[in-house]
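A.B. asks: Here it is, the structure in full.
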Amino acid sequence: MQETIMSRHWPTLTLRLTQDVIDQMQESATRNRRSINSEYLSRLESSLFDEPELLLEVKELRKLVDEQKDQLQSMSEQLERLTELLVNLS
């Protein structure tokens with residue numbers, strides 16, 4: 001009840017969205033047990049307030065992925081060399 005009274009004082013925003021986005025947001029709202037309006041608000045707030053932390057996490061993850069990729073490349077090259085040695089020994 002109080003939420004309804006409070007929401008009357010909030011400004012209204014109209015957005016044009018594709019049906020796909022609306023469907024995805026509705027699924028997410030249902031999963032998170034929120035109204036679709038609360039889901040939109042939560043996502044907007046998190047994009048405004050959590051962005052620096054998320055960007056840092058993404059950078060760290062990219063660094064880890066790059067390191068793993070380099071290690072895999074090195075291992076692949078070593079495996080190729082070992083395979084060649086084994087073939088030559090046969």
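A.B. asks: Rounded to the nearest 10 degrees, what's the angle between the helix 19-31 long axis and the longest principal axis of the chain, both from Cα atoms, 0 to 90?
C.D. replies: Relative to the chain, helix 19-31 is tipped by roughly 90 degrees.
A.B. asks: Residue separation times 0.36 nm, minus the C-alpha to C-alpha distance between Q68 and L48: what's the value?
C.D. replies: Gain on extension, Q68 to L48, equals 4.1 nm.
A.B. asks: For the chain, the longest stretch holding no trypsin sites (Lys or Arg not before Pro) located in a DSSP loop with at most 16 other Cβ atoms within 10 Å is which? Walk me through the numbers before you get to the answer.
C.D. replies: Working: sites that count: R8, R16, R33, R34.
Segment 35-90 is the longest.
A.B. asks: Let me ask another. For R16 and L55, compute 0.36 nm times the residue count separating them, minus their Cα-Cα distance, and round to one decimal in nm.
C.D. replies: Numbers: separation 39, 0.36 × 39 = 14.04 nm, distance 2.71 nm.
Taking R16 through L55 to full extension adds about 11.3 nm, to one decimal.
A.B. asks: Mean residue ellipticity at 222 nm from the helices of the chain, using -39,500 (n - 2.57) per DSSP H segment of n ≥ 4 over the full residue count, to the nearest 500 deg cm²/dmol? Kindly include the intermediate steps, with their values, before the conclusion.
C.D. replies: Numbers: 4 runs with 72 residues, N = 90.
-27000 deg cm²/dmol, from helical runs alone.
A.B. asks: Could you tell me how many degrees, from 0 to 90 and to the nearest 10, lie between the Cα long axis of helix 36-49 and the main elongation axis, the longest principal axis, of the Cα atoms of the chain?
C.D. replies: For helix 36-49, the angle is close to 60 degrees.
A.B. asks: On the Cα set of the chain, report Rg and Dmax in Å, please.
C.D. replies: 25.1, 83
A.B. asks: When Lys and Arg each count +1 and Asp and Glu each count -1, what net charge do the other residues less than 13 Å away from V21, Cβ to Cβ, add up to? All intermediate terms of the calculation are to be shown ahead of the outcome.
C.D. replies: Values: positive: R16, R43; negative: D20, D23, E27, E39.
With Lys, Arg at +1 and Asp, Glu at -1, the neighbours total -2.
Each reported figure results from applying straightforward, stated rules to the coordinates on display, with no laboratory input. These numbers come from a predicted model, not from an experiment. We place every Cβ from the backbone using ideal geometry, glycine too, and count neighbours over all the protein chains shown.
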